[in-house]
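Reading through the structure tokens given below for one structure.
The values are calculated or read from the model by the stated rules, or taken from the named source; none is laboratory data. Not measured: the values here are computed from a predicted model. Cβ sites come from the backbone with ideal geometry, for glycine too, and all protein chains shown count toward neighbours. For accessibility, only protein heavy atoms count, side chains too; no ligands or nucleic acids. Shrake-Rupley method; radii C 1.70, N 1.55, O 1.52, S 1.80 Å.
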Amino acid sequence: MFDVAIIGAGVIGTSIARELSRYEIKVVLMDKENDVSNGTTKANSAIIHGGYDTKPGTQMAKFNSLGNPMFDQICDELDVEYKRIGSFVLAFSEEEMKTVRTLYQQGIENNVKGVEIISGDKVREMEPNLNQSIVGALHAPTCGIINPWELAIAQAENAAENGVEILLNTQVLDIQKTMTGYRLMTNHQEINSRYVINCAGLHADHINNMVSQDRFVITPRRGQYFVLDKSEGGFVNKVVFQCPTKLGKGILITPTVHGNLLLGPDAQDMEDKENLTTTAENLKIIEEIARKSAAHVPAHKVITTYAGLRAEPSTKDFIIGEAKDAKGFINVAGIKSPGLTSSPAIAKHVVNILGGIIGELKEKDDYNPRRKRVVRFDQLSDVEKAQLIKKDARFGRIICRCESITEGEIVDIIHRKAGATTVDGVKRRARPGTGRCQGGFCAPRVMEILAKELGKDMDEIVKDSKNSYILTGKTNKGKK
Ligand SMILES: Cc1cc2nc3c(=O)[nH]c(=O)nc-3n(C[C@H](O)[C@H](O)[C@H](O)COP(=O)(O)OP(=O)(O)OC[C@H]3O[C@@H](n4cnc5c(N)ncnc54)[C@H](O)[C@@H]3O)c2cc1C
């Protein structure tokens, strides 16, 4: 019997799991996928938003403002890549300057530090690659960029180190109320828990409707992106937005924490909650719109494209709280943008709600908030490299030539708690396959390492999701 069962191991579920791992309670974190962070958390803009574009008084505004300043400490404790580079919202006409002034006012009401309106000339002085047609902009210096899946993975690792049980490949199929709490029927086993926290992202409506009559609907809204080569990472220094539309924050140009350049996303309502395809048609429109900000944006230097699905709630705001008709069942649903930014503040709030229901939560004496990221071999000095190779020769074997990733780094992240079991799981943790060749050279070698370290056959190794097999079988059936 668990005290708390968390459904969904995205950035929200993992942040709550980590926050709860401070206390002397038995917590299980489960996900239907074969890795943490395999939902919306792995495919978004990766921005820690300033907080000026959420309507004052909403849950989104509240948690964005509270969440943004928490990232310095969290990323320090969890050793996650994060840069507070600031953002612009560009105006191309006097009409758009009205929007900029409204955003500025919202920023003041939402308590966003340092927000200011600047002239077009000042914008171009700070960002020489942006267009002459810019009239002015909102500048928000507290905006940041992060590696979102690294954050979720680090939170999961840290939560597991502090005693949280993680169950992957575990899909909640139904939930029943019991005398002592809830029974969760999954594809593997029944899990009994006194309290349930629903962090199931796009499927949170489905999970809520298993126990509550107070219904809501989550609609997937797809956004597509270009990732450009690292040679273009310095094209802009800040996150460059255009004025928001009713569908979202509009097309941005931003550097990533890894030094690439990102263009996107658009916004398209979908029916299928799993459709992550990108389309030439939408990408072409994204490129055209991005050129309004910077005519010479080097879209031809694209190395990959991807899409993410926003969990758009019928209530239009985050749905956070105990369901009215299901005691001890807490929804954390409809966590669309700025959900990543809001995640640490949401986690604290949910733990407070739970504390209010359970009574006082007792802190563990041995809770450790810190986690170390994998060694980045290419960032070491020659002396450090030599010392590491002397200790473990696997750090002397380069597997990914684009990013200079060694076998030692890959082996480390496979054997961690909540470690990698798939090719993309390795990619998200240690970065082989994120470079210019996109895994063309290193993927087979990563598969070999996974098979060896996990004691599996090569043809059992999947690319990402459960059935994404890469090899279909042996061609010579073992004949020499
Ligand atoms: C295009 C786009 C751009 C965005 N940009 C930003 C941004 O720049 N900044 C920002 O702050 N936010 C941004 N967001 C929002 C942010 O990505 C989300 O708010 C955040 O990732 C939501 O995390 P989550 O944990 O709620 O959902 P998810 O990451 O989707 O996690 C939910 C998990 O639940 C699991 N699950 C579902 N059903 C079940 C079940 N039945 N049983 C077990 N497990 C289940 C899923 O497998 C999944 O792993 C963006 C979103 C999109 C799509």
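Tell me, what % of the accessible area of segment 126-227 is carbon and sulfur with a 1.4 angstrom probe? Working shown, then result.
Values: 1790 of 3720 Å².
C and S fraction of accessible area: 48 percent.
Taking 8 Å as the Cα distance limit and 6 or more residues as the minimum spacing, I'd like the relative contact order of the chain as a percentage.
Numbers: 1067 pairs, mean separation 91.5, N = 480.
Computed over the chain, the figure is 19 percent.
Among the listed pairs Lys32/Lys364; Lys55/Lys98; Lys324/Lys348; Lys417/Lys456; Lys230/Lys427; Lys348/Lys427, those whose Cα-Cα separation exceeds 24 Å are Lys32/Lys364; Lys348/Lys427. Once the convex hull of all Cα atoms in segment 377-460 is built, its volume per residue stands at 89 Å³.
In the neighborhood of Pro265, defined by Cβ-to-Cβ distances under 10 Å, what is the net charge if each Lys or Arg adds +1 and each Asp or Glu adds -1? Write down the numbers at each step before the final one.
Values: positive: Arg221, Arg222, Lys249, Arg310; negative: Asp266.
That sum, taken over residues with Cβ under 10 Å, equals +3.
Grouping the Cα pair distances of segment 22-140 into 5 Å bins from zero gives a pair-distance distribution of 2, 10, 14, 15, 18, 15, 11, 6, 4, 3, 2, 0 percent in increasing distance order. The value obtained for segment 242-379, namely the Cα convex hull volume divided by the number of residues, is 183 Å³ per residue. Which is farthest toward the positive dipole end of segment 1-85 among Leu66, Met30, Thr14, measuring Cα position about the Cα centre, with Cβ charges +1 (Lys, Arg) and -1 (Asp, Glu)? Farthest towards the positive pole: Leu66. A simple spin-label model places the labels of Glu95 and Gln189 6.0 nm from each other, with each point 7 Å out along Cα-to-Cβ.
Charge dipole (Cα centre; +1 on Lys/Arg Cβ, -1 on Asp/Glu Cβ; no other charges) of the chain amounts to roughly 800 debye. Place a label point 7 angstrom from the Cα of Glu24 along the Cα-to-Cβ direction, then list the residues of segment 342-376 whose backbone nitrogen is under 13 Å away. Inside the label zone: 360-367. Here is the short version for the chain: Cys75, Cys143, Cys199, Cys243, Cys402, Cys437 have no other Cys C-beta closer than 4.7 Å.
Once you have the Cα-Cα distance between Leu454 and Lys83, take 0.36 nm times their residue separation minus that, and quote the gain in nm to one decimal. Before the final figure, lay out each step's value.
Working: separation 371, 0.36 × 371 = 133.56 nm, distance 3.44 nm.
Gain on extension, Leu454 to Lys83, equals 130.1 nm.
Look at where the Cα atoms of segment 290-307 and of segment 53-125 average out, and the two centres are 23 Å apart.
For Lys463, the aspartates and glutamates whose Cα falls under 14 Å of its own Cα, not counting residues fewer than eight places away in the same chain, are Glu33, Asp35, Asp424, Glu448.
Centre-to-centre separation between the Cα atoms of segment 202-272 and those of segment 367-392: 33 Å.
In whole percent, and with a 1.4 Å probe on the protein chains, what portion of the accessible area of segment 377-460 is carbon and sulfur? Mind showing how you got there, number by number?
Values: 2070 of 4160 Å².
Looking at segment 377-460 in its full context, I get 50 percent from C and S.
Mean projection of the Cα convex hull over all viewing directions, computed for the chain: 24.8 nm².
Based on the Cα gyration tensor of segment 136-235, what are the three equivalent ellipsoid semi-axes, each the root of five times an eigenvalue, rounded to whole Å and given largest first?
Working: eigenvalues 268, 78, 40 Å².
Listed largest to smallest, the semi-axes of segment 136-235 are 37, 20, 14 Å.
Computed from point charges on the beta carbon alone (+1 for Lys and Arg, -1 for Asp and Glu), the dipole magnitude for segment 377-460 about its Cα centre is near 160 Debye.
Per residue, the chain exposes 44 Å² of solvent-accessible protein surface, assessed with a 1.4 angstrom probe and all protein chains in place.
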